[in-house]
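The values are calculated or read from the model by the stated rules, or taken from the named source; none is laboratory data. Remember, predicted model here, so these are calculated numbers, not experimental data. Neighbour counts run over all protein chains shown; Cβ positions are idealised from the backbone, glycine included. The accessibility values were calculated without ligands, DNA or RNA, using every heavy atom of the protein model including side chains. Shrake-Rupley method; radii C 1.70, N 1.55, O 1.52, S 1.80 Å.
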Amino acid sequence: STAITCFTRGLDLRKETEEVLCPANCPLWQFYVFGDGVYASLSSVCGAAIHRGVITSAGGAVKVQTLPGQENYPAVNANGIQSQMLARWASSFAVTRSKDIALEAVGRSISTARPSTGKRPKKTLEKKSGNKDCKADIAFLIDGSYNIGQRRFNLQKNFVGKVAVMLGIGTEGPHVGVVQASEYPKIEFYLKNFTAAKDVLFAIKELGFRGGNSNTGKALKYTAQKFFSFENGARKGIPKIIVVFIDGWPSDDIEEAGIVAREFGVNVFIVSVAKPTTEELGMVQDIAFVDKAVCRNNGFFSYQMPTWFGTTKYVKPLAQKLCSHEQMLCSKTCYNSVNIAFLIDGSSSVGDSNFRLMLEFISNVAKAFEISDIGSKIATVQFTYDQRTEFGFTDYITKEKVLSAIQNIRYMSGGTATGDAISFTTRSVFGPMKDGPNKNFLIVLTDGQSYDDVRGPAAAAQKAGITVFSVGVAWAPVDDLKDMASEPRESHTFFTREFTGLEQMVPDVIRGICRDFLDSKQ
C-alpha cells in the first residue's frame, strides 16, 4: 500500500480503490473532514479514517474507495474530530479497514447520514440564479509556480475569490472553474462543480500551492482543449473565457497556446502581475508574451497589476470586462459559425462505390464542425439533370443526425446539369438562411463535364454571399472547376484523378473554410 501524509486528500489519490498507509500522530485539529461515512474528496484521507474509527491516531492501513459526488455532507463529531458540512462536491470516498469490503460501509453510511438540524433561512431565489446579465463560462488559470511563491499564491487566491463573488455566480449567471499552472497543469474544479459563490470561495480557499516552473503555455493549451466540454459543464452559446494570471513571465512558449485557444473559440485574458523589470528582461523568452496569447491585441484583453498587495481596486474593473458579452470577439469560430451545403454529383458516370467515397468525404468534412441549433449547419443536395434536397440546414441539428443522414443518401444516377443545380441550391437551400448570422459555403463535388453553363450560376451564388469551393474528380474539366470557384480560384479549386484521393483533401478543405471565415471577420 502507498504511504501518504496527514494532509493527503481523497482527490489526490488516482485509483478507484487504493490501499494507503496513514502515519502516526497526525495533529487532530489540523484535519479537514467533510461528511460522515461518505466523505467529500476534499477531505483528508487519514482524518476521515480516524473520524470513521477505521484507525486511531497511531495510524495504519486504510482502504479508500472513490464514490460519486453528492449533496449535503453532514457535520458529525466522532473520535475527536469534528467533521464539517458541505453543500455539494463533485466526488466522494469511503474508508474501511484494509480487509473489509468498502461498499458495505457505503450502504451503511448513507442510511445513517443524519440530516443537518442547523436552521438555515431559505435562500432568496435571486441569489441562487446569480447575475443573469453576465453570461460567461470562466476558467481562472492561476499561477502555482515558484515564480509566485506560497505567500503571493495566497494573495492571488484572495483576489480570484473576490472577482468570483463580484461576478455574481449562480445557476443562470456566470459559472467558474479553476486550473492551476505550474510544471504540469491541474484542473482543480470544473464549471459544473459549483453554482453558488460561497461554495466557489470555499473551494478556492482549499487550493494547495504546487510549485514548479511556470509552464503557462502548456496550461493554457490544456485548458482550452479539455476544460470546456459539455460533460464538464460548459453551456451552449455562452462565451468561454480563460483568465490567465502570470506572476512575472511564463517559462515556456505561450504563442501556440494562444492560437489553439482562438481556434477553440475561447476568449483569453491575461492578468500580468509584477511584470519583468529592466534587469530581468534577459531571462524572458519572449517579451511580447501578452500580445501573443490574448484573444485580440486591442488592449481589452490584457490587464496589469503592479503587485499582489492591495489589489481590491482592480476587482470590479476586471469583473466588468468579463461580463462584456459583446466584446468577446473569439467566441465565434469557423467551427461553430458556418453553414456548409454539399452539392454532390449523382450522374451515372460516378457509380455506386465511388458515390459512397463521396459520401465519406462529406462526412469527414462535416465531422470537423460544431453542429447545433445555434452553431454550424449542414445541408446536402444531390443532382443529375434534376436536383434532390437530401436535407436542408434546419432538418438536423446534431452531428450524429447529420452524419447518419449522409450515410442514408441513395445514389440517383442520371445526367449532369451542374449549373442548374447551383442555382437551385442558392435559391432553395441558402435562400431561407439569407439573414442568419453564419457565413455560407457551398462545396460542389463533380466527376465530369456539365451539360449546362456553370459560370453564371456560380457568379450569382457568390454575389449572394456564398463562398464556393469546387472539388473535381476523374473527368471533371479544370476550367469548369475554376469557373465555379470563389476568388482566389487557386485556393478554392481541388482536383483528384481517383475517388480514393478525396480523403487526402479533407484537411485542406476544412482549413480553406476556416481561412475564409477569419478573412471575413478581420
Q) Does any residue in the range 491-514 that is part of a strand (DSSP E or B) come within less than 8 Å, Cβ to Cβ, of a residue that is among the aromatic types (Phe, Trp, Tyr) six or more places away or on a different chain, and which pairs are these? A) 493/469; 494/469
Q.
Out of 349, 353, I need the residue that is over 27 Å from residue 265 (Cα atoms) and assigned to a loop (DSSP other than H, G, I, E, B). Which one?
A. 349
Q: Output the number of the condition that residue 415 fails; it satisfies all remaining conditions of (1) open to solvent by 60 Å² or more (accessible area, probe 1.4 Å); (2) closer than 19 Å to residue 382 by Cα; (3) of a type outside the set (A, V, I, L, M, F, W, C).
A: (1)
Q.
Return the residues of the range 306-318 that are open to solvent by less than 30 Å² (accessible area, probe 1.4 Å) and either touching a Lys or Arg at 6+ places or on another chain (Cβ under 9 Å) or among the acidic types (Asp, Glu) (or both); say none if nothing qualifies.
A. 308, 311, 315
Q. Which residues, taken from the range 448-490, are part of a strand (DSSP E or B) and either touching a Leu at 6+ places or on another chain (Cβ under 6 Å) or over 20 Å from residue 429 (Cα atoms) (or both)?
A. 466, 468, 470, 471, 472, 473
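Name the single residue that is farthest from residue 1 (Cα to Cα) among those in the range 54-86 being touching a helix residue (DSSP H, G or I) at 6+ places or on another chain (Cβ under 7 Å) and open to solvent by 40 Å² or more (accessible area, probe 1.4 Å). Let's see the steps before the verdict.
Residues of the range 54-86 that are touching a helix residue (DSSP H, G or I) at 6+ places or on another chain (Cβ under 7 Å), as a first pass: 55-57, 62-65, 67, 78-81, 83.
Applying the additional criterion that residues be open to solvent by 40 Å² or more (accessible area, probe 1.4 Å) yields 56-57, 63, 79-80.
Working: 56: 18, 57: 18, 63: 9, 79: 24, 80: 26 Å.
It comes out as 80.
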Q. Looking at (1) loosely packed, with under 14 Cβ neighbours inside 10 Å; (2) of a type in the set (S, T, N, Q); (3) free of Cβ contacts under 8 Å to residues at least 40 places away in the same chain, can you tell me which one residue 428 breaks?
A. (1)
Q: Kindly provide the set of residues from the range 480-501 that are over 15 Å from residue 443 (Cα atoms), among the basic types (Lys, Arg) and either touching a strand residue (DSSP E or B) at 6+ places or on another chain (Cβ under 6 Å) or open to solvent by less than 20 Å² (accessible area, probe 1.4 Å) (or both), ordered by number.
A: none
Q: Report yes if residue 197 is more than 21 Å from the chain's Cα centre (by Cα) and more than 19 Å from residue 41 (Cα to Cα), otherwise no.
A: yes
(Q) Just the residues that are open to solvent by 20 Å² or more (accessible area, probe 1.4 Å) and either outside the structural domain of residue 76 (by the TED database) or in a loop (DSSP other than H, G, I, E, B) (or both), please, taken from the range 9-30. (A) 13, 14, 15, 16, 23, 24, 25, 27
Q | Qualifying position, being open to solvent by 10 Å² or more (accessible area, probe 1.4 Å), modelled with pLDDT of 95 or more and farther than 22 Å from residue 376 by Cα, among 477, 457 | A | 457
**Q.** Per-region count, the range 265-283, residues of a type in the set (Ser, Thr, Tyr) and open to solvent by 60 Å² or more (accessible area, probe 1.4 Å)
**A.** 2
Q) Taking residue 337 and the conditions (1) closer than 30 Å to residue 432 by Cβ; (2) open to solvent by 50 Å² or more (accessible area, probe 1.4 Å); (3) at pLDDT below 95, which numbered condition does it fall short on, given that it satisfies the others? A) (2)
Q) Any idea how many residues of the range 5-17 are out of contact with any Lys or Arg (no Cβ under 7 Å at 6 or more places or on another chain) and either more than 16 Å from residue 51 (Cβ to Cβ) or among the basic types (Lys, Arg) (or both)? A) 8
